[in-house]
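Presented below is the structure to which this report refers.
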Amino acid sequence: MIKITLPDGSIKEHAKGSTPMDVARDISEGLARNVISAKFNGTIIESTTPLQEDGALVLYTWRDPEGKTAFWHSSAHILAQALEELYPQVKLWVGPAIENGFYYDVDLGEDSISDKDFKAIEDKMLEIARGKHDFQMREVSKAEALEYYKGKNEYKVDLIQNLEDGTITFCDHSTFTDLCRGGHIPNTGIVKAVKILSVAGAYYQGDENNKMLTRVYGISFPKQKELTEYLEMLEEAKKRDHRKLGRELELFTFSQKVGQGLPLWLPKGAALRERLEQFLKKAQKKAGYEMVVSPHIGQKELYVTSGHYEKYGADSFQPIHTPKEDEEFLLKPMNCPHHCEIFKHRPFSYRELPKRYAEFGTVYRYEQSGELHGLTRVRGFTQDDAHIFCTPEQLDQEFKNVIDLSLYVLGSLGFENFTAQVSVRDLETPEKYIGSVENWEKAENAIINAAREKGLDYVIESGEAAFYGPKLDFMVRDALGRNWQLGTIQVDYNLPERFDLTYKGSDNEMHRPVMIHRAPFGSMERFIALLLEHTGGNFPLWLIPDQAIILSVSEKHEKYAEKVLNSLENNEIRALIDNRNETVGKKIREAEMNKIPFMLIVGENEEANETISVRKHGGEDLGAISLNDFRNLVNTEINSTLKSF
């Protein structure tokens, strides 16, 4: 008998060789029907894997992220079999699960795949799935694996060359075999609905010097209803695509002559950015921050000292060479080294700490052209950066204060649904990080304690820390149920060490400050992109470029429209006039498309009574009201979302 410890701490005894499915069945038949994957002693296994020793077992269903990973990884196998049957010359490379679905990279030889072929691939996958074929893992020697693929698939041979004997496994289902490390659902029959989403090019091993393969993206579900809902969400996501909305609302554009990944902000977009900046600057001032400004470039040595050049230099814009021999500058990839030098400009006493330096600093990173995507992945972007230099004793309270500021920002912009992610080191790869183990442990504990004391719903993710310190990220769920990382707080003992930053303590000795990196928006570009998609362009009233549009019924009412505009502007309500010689109906339709919150119609009755007829975006008619009542209406709506900090 072996002892199986479940997540709730309970222990069950089972015969040696029992499977996770046997354990599930012992708990309840309902659970057994839903279990599709498992983890034993920290390793993902199949639900049919025999258990040979005592250990901790976690059972996963479709509702768990790990369950979805197994489901989609298994679906990638089904896709691979379908492609082999439809395209006999195909050579497979790799097919992992991704955040939503899966893909498989393949060499199609002389064949190609277009959207016209998607239906045939889906039908073949469902035909295979209906066979209810078991997924079965088996160990093979390196020699056996190489022999199996020899002369048939050079991509798999290349992959196997880098593996060691005792670590190689094949997965079989139906008539199909693939090199695989494991993590599958019990059988193909659990897959009830599939959709091929797209095809794209992908270089072998991600190297642009290698052959271009075909990447086939797909997604699958245990119920047709869930696939239907997902496809409806995708259609809604297309409507909310920030690139589409940014163009329609005239917020930003791109120019090939300016360069890829370098956005140009149009007047309305620039005004939107300015309001976001002023919103945060006002809160920062109350929180004791001081604004600083640093240049867009710095000497290469600055980033060598910080460690950024070693970690990211190869992927950054290349150094700028000046006429002076051996003098090199870099476009600024981060603001923190500059802020370290600002702190270092004069000696500080412990009585003067913390120092909180904030800057909307533009930085530059050379992202690969294939990775650029609208405003979410660019080469030049502005961070709402701040760096707090404090004593170790001040760290806990300062970190909590930054959490409060981040929650205020997210709440004022409608991001209410989020999880806090504590990102720590991967203890298996210490070479990825700089600094002492002692400092890392202090920093990680400080973040975890602060998150716990602030009552945040948080998870700990190993391996997601920055190279110089752990961090707290806010993982926000948007209106379509998608998760995004918005805002980050990092504790850093390393940069103060590397820049030799000090302050004089109460003992008259020199001490090392602790540094907190903080950016509630993250970057202005990415934040605005996600806000566009979250709101569908219907920004909060306090933020939107045009809060109201005045629609004159005819040219006879233009003077009254001007009077209304002046009154609104005097009350700091942003408005414009549409006095074109068009019907009111057409003007309303265009205002709706431009997502203007209030349409103010002025005609003969309104002018006679000094009122405005108010229609809200979406169609609600508020009737004729006075300008004073409209001002109160706007202020009430703004105050309901924009709370004081």
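The values are calculated or read from the model by the stated rules, or taken from the named source; none is laboratory data. Since we're looking at a predicted model, the values are computed, not measured. Reconstructed Cβ throughout: ideal geometry from the backbone, glycine too, with neighbour counts over all protein chains shown.
Of all residues in the range 17-76, which are surrounded by fewer than 19 Cβ atoms within 10 Å (Cβ to Cβ) and touching a Phe, Trp or Tyr at 6+ places or on another chain (Cβ under 6 Å)?
Residues satisfying the conditions are GLY55, GLU66.
If you scan the range 483-524, which residues turn out to be farther than 26 Å from TYR303 by Cα, free of Cβ contacts under 8 Å to residues at least 60 places away in the same chain and part of a loop (DSSP other than H, G, I, E, B)?
ASP507, ASN508, GLU509
For the range 345-357: of the residues being within 34 Å of the chain's Cα centre (by Cα) and charged (D, E, K, R), which is farthest from ARG518 (Cα to Cα)?
Ranking the qualifying residues of the range 345-357, first place goes to LYS355.
Restricting the search to the range 319-338, which residues are touching a residue at least 40 places away in the same chain (Cβ under 8 Å) and either in contact with an Asp or Glu (Cβ under 7 Å, 6 or more places away or on another chain) or in a loop (DSSP other than H, G, I, E, B) (or both)?
Correct list: ASN335 only.
Residue by residue, here is whether (1) modelled with pLDDT of 95 or more; (2) assigned by TED's automatic domain parsing to the domain that holds ASP158 holds:
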| residue | (1), (2) |
| --- | --- |
| GLY9 | no, no |
| ARG33 | no, no |
| GLU84 | yes, yes |
| GLN89 | no, yes |
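For the range 423-455, give me each residue that is closer than 26 Å to LYS281 by Cα and buried (at least 20 other Cβ atoms within 10 Å of the Cβ).
Within the range 423-455, ILE447, ALA450, ALA451 qualify.
Could you tell me whether any residue of the range 525-541 is over 18 Å from ALA270 (Cα atoms) and in a strand (DSSP E or B)?
no
So which of GLN383, GLN394 is outside any strand (DSSP E or B) and of a type in the set (S, T, N, Q)?
GLN394
Within the range 406-422, how many residues turn out to be under 18 Å from ASP492 (Cβ atoms) and buried (at least 22 other Cβ atoms within 10 Å of the Cβ)?
Number of matching residues: 2.
Which one of the conditions (1) in a loop (DSSP other than H, G, I, E, B); (2) in contact (Cβ under 8 Å) with a residue 60 or more places away in the chain; (3) among the β-branched types (Val, Ile, Thr) does VAL106 fail to meet, given that it meets all the rest?
Going through the list (1) in a loop (DSSP other than H, G, I, E, B); (2) in contact (Cβ under 8 Å) with a residue 60 or more places away in the chain; (3) among the β-branched types (Val, Ile, Thr), VAL106 breaks only (1).
Cβ-Cβ below 9 Å, separation at least six or inter-chain, first residue in the range 605-616 and over 17 Å from ALA575 (Cβ atoms), second assigned to a strand (DSSP E or B): which pairs?
The qualifying pairs are ASN605/THR611; ASN605/SER613; ASN605/ALA624; ASN609/ALA624; ASN609/SER626.
Restricting the search to the range 466-517, which residues are under 22 Å from the mean Cα position of the chain (by Cα), hydrophobic (A, V, I, L, M, F, W, C) and surrounded by fewer than 23 Cβ atoms within 10 Å (Cβ to Cβ)?
ALA466, PHE467, MET475, VAL476, ALA479, LEU480, TRP484
Filter the range 1-13 for residues that are farther than 19 Å from ARG33 by Cβ and surrounded by 14 or more Cβ atoms within 10 Å (Cβ to Cβ) and give the result.
Within the range 1-13, ILE2, ILE4, THR5 meet the criteria.
With the requirement that a residue be over 23 Å from GLU572 (Cβ atoms), surrounded by 15 or more Cβ atoms within 10 Å (Cβ to Cβ) and either β-branched (Val, Ile, Thr) or without any contact (Cβ under 8 Å) to a residue 40 or more places away in the chain (or both), what does the range 254-280 give you?
PHE254
Is at least one residue of the range 436-446 touching a residue at least 12 places away in the same chain (Cβ under 8 Å) and among the β-branched types (Val, Ile, Thr)?
So far as the range 436-446 goes, no, none of its residues is touching a residue at least 12 places away in the same chain (Cβ under 8 Å) and among the β-branched types (Val, Ile, Thr).
Would you check if PHE360 is in a loop (DSSP other than H, G, I, E, B), within 21 Å of the chain's Cα centre (by Cα), in the same structural domain as GLY487 (by TED's automatic domain parsing) and of a type outside the set (Val, Ile, Thr)?
Judged against the criteria, PHE360 is not a match.
Could you say which residue among TYR203, TYR155 is in contact with a strand residue (DSSP E or B) (Cβ under 7 Å, 6 or more places away or on another chain) and farther than 23 Å from ILE78 by Cβ?
Every option except TYR203 fails the conditions.
Just one of (1) in contact (Cβ under 8 Å) with a residue 60 or more places away in the chain; (2) within 25 Å of PRO186 (Cα to Cα); (3) of a type in the set (Lys, Arg) trips up LYS91, so point out which.
Among (1) in contact (Cβ under 8 Å) with a residue 60 or more places away in the chain; (2) within 25 Å of PRO186 (Cα to Cα); (3) of a type in the set (Lys, Arg), the lone unmet condition for LYS91 is (2).
Contact list please: Cβ distance under 6 Å, first residue in the range 574-590 and under 11 Å from GLU562 (Cα atoms), second residue part of a loop (DSSP other than H, G, I, E, B), pairs at least six apart or on different chains.
LEU576/ASP546
Quick grid of which residues meet (1) surrounded by fewer than 20 Cβ atoms within 10 Å (Cβ to Cβ); (2) modelled with pLDDT of 95 or more:
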position	(1), (2)
PRO540	yes, no
ILE549	no, yes
SER552	no, no
ARG580	yes, no
GLY585	yes, no
LEU600	no, yes
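Does GLU290 fit the bill of being charged (D, E, K, R) and at pLDDT below 95?
The answer is no for GLU290.
Of all residues in the range 612-629, which are under 12 Å from ILE550 (Cα atoms) and small (Gly, Ala, Ser)?
SER613
Among the residues that make up the range 127-145, is at least one of them of a type in the set (A, V, I, L, M, F, W, C), surrounded by 17 or more Cβ atoms within 10 Å (Cβ to Cβ), under 36 Å from the mean Cα position of the chain (by Cα) and part of a helix (DSSP H, G or I)?
Yes: one or more hits.
Of everything in the range 524-552 that's touching a strand residue (DSSP E or B) at 6+ places or on another chain (Cβ under 7 Å) and of a type in the set (A, V, I, L, M, F, W, C), which residue is farthest from GLY380 (Cα to Cα)?
LEU551
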